[in-house]
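A short write-up of the structure that comes next.
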Amino acid sequence: MRGKRILLVIGGGIAAFKALDLIRRLRERGASVTPVLTRAAEEFVTPLSVSALAANKVYRDLFDLTDEAEMGHIQLSRSADLIVVAPATADLLARMAQGRADDLASTLLLATDTRVLVAPAMNVRMWNHPATQRNLAVLRGDGVLFTGPNEGDMACGEYGPGRMSEPLEIVAAVEAAFAAGPLAGRHVLVTSGPTHEPIDPVRYIANRSSGAQGTALARALLALGARVTFVTGPATVPPPEGAHVVRVETASQMLAAVQAALPADAAVFAAAVADWHVANASESKMKKQAGNAPALEFAENPDILATISKGPQRPALVVGFAAETDDVIAHATAKLARKGCDWIVANDVSPATGIMGGTENAVTIIRQDGSDTWPRMTKDLVARRLAEEIAKTL
Ligand code: C5P
């Protein structure tokens, strides 16, 4: 669960107090929790205690314009690896089943494309009512996951099914949701970040890649249950938690690390690998000599993507990236053939786009049999869509 982002929707029932312990248990296991409180939930637990336990802002109101500016509800609903609704009241389940969007919680649940795990809690008669049972059937059909309810004494004095699962049972269901993702049991290799090619022991040639897209992709693959080996050059963003991280500096080290990580079911080459290294790199620091600038000689680096695509241990799916500044589609299509990969994710990194080092990306996926251009969106969303495409293909 380490590194997973959980959006926790707390509904308005007496079991809301257990959500406080749930937050603690999830965080103990390395997950981050973004809490959302319904109006009714605020009658049972205070936003302050939820926020303090989650060490995060609590989202409460759909029309809180500060929130919209910081993070729109669409993005909030999709930036999580899993949405957990605990407790889910009969009313919240009914609104989910109907696709209502009349408060923040229901809007998030309607806007999301993230998997949703629900822990119902309600009076036994409400649970057994045909209306609730109909809503459950609808939600199950929509792919919503459930944990509980348990049978037992209820706060209202009755006995029967309707008690919310205990926090540790919900934690187990969260773990199972990740373990049962569509990429469970699959090994995916991701390269990311720039490479550094030394000139001498203190100087190097690098590029502006931050590693953001590769990191986002690794996280998205992890969220779908994949085992991820993440081979990264010296990136500026921290590597994803939960991946097996292999740090390298140069292109030739990256190739060796990639080869050592095979076999894999899929490999995604998101690293911005230097095309050349300095052939006459100096073993000791080059000294400045007035009027005598050193002449660097370059030699080609191995093409990791092409080597793996054409190699004996080729993964079933090989995806390359193409960062171009002009004629993006034409260049990327040629690259697909030259490198021998299955897909190229092409993007325009002209300085005016702000994509290189930025948070957004606009990509075209080029396959042997055609291409898809996606609208400009966050690198996180590009990653999630790409991970889903990979899951569908494997
Ligand atoms: O040739 P170009 O650098 O534009 O190709 C981009 C794609 O090839 C990316 O997927 C990149 O990770 C990969 N690549 C590589 N090894 C290189 C150069 C590029 O794996 N030496």
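The values are calculated or read from the model by the stated rules, or taken from the named source; none is laboratory data. Everything numeric here is computed off the predicted structure, so don't read it as measured data. Reconstructed Cβ throughout: ideal geometry from the backbone, glycine too, with neighbour counts over all protein chains shown. Calculation scope for accessible area: heavy atoms of the full protein, side chains included, ligands and nucleic acids excluded. Shrake-Rupley method; radii C 1.70, N 1.55, O 1.52, S 1.80 Å.
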Check the stretch 207-218 and report whether any residue there is more than 16 Å from the ligand (Cβ to nearest atom), among the basic types (Lys, Arg) and either touching a residue at least 60 places away in the same chain (Cβ under 8 Å) or touching a strand residue (DSSP E or B) at 6+ places or on another chain (Cβ under 8 Å) (or both). no
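Mind counting the residues in the stretch 269-299 that are within 8 Å of the ligand (Cβ to nearest atom) and either touching a helix residue (DSSP H, G or I) at 6+ places or on another chain (Cβ under 7 Å) or of a type in the set (Asp, Glu) (or both)?
Count: 6.
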Scanning the stretch 237-270 residue by residue, the ones that are free of Cβ contacts under 8 Å to residues at least 60 places away in the same chain and over 23 Å from ALA179 (Cβ atoms) total 15
Quick one: how many residues across the stretch 28-49 are surrounded by fewer than 19 Cβ atoms within 10 Å (Cβ to Cβ) and touching a residue at least 60 places away in the same chain (Cβ under 8 Å)? 3
Scan (1) at pLDDT 95 or above; (2) touching a Gly at 6+ places or on another chain (Cβ under 9 Å) for the single condition THR147 breaks and write down its number. (2)
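Sort out which residues of the stretch 98-108 are open to solvent by 20 Å² or more (accessible area, probe 1.4 Å) and at pLDDT below 95, and write them in order of number.
Step one: filter the stretch 98-108 for residues open to solvent by 20 Å² or more (accessible area, probe 1.4 Å), giving 98-103.
Hits for the stretch 98-108 are ALA101, ASP102, ASP103.
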Of the residues in the stretch 191-235, those that are polar (S, T, N, Q) and over 30 Å from ILE6 (Cβ atoms) come to THR195, ASN207
Considering only helices (runs of 4 or more DSSP H) wholly within the stretch 17-126, the ones with at least 1 residues that are within 20 Å of the chain's Cα centre (by Cα) and among the β-branched types (Val, Ile, Thr) are 73-78
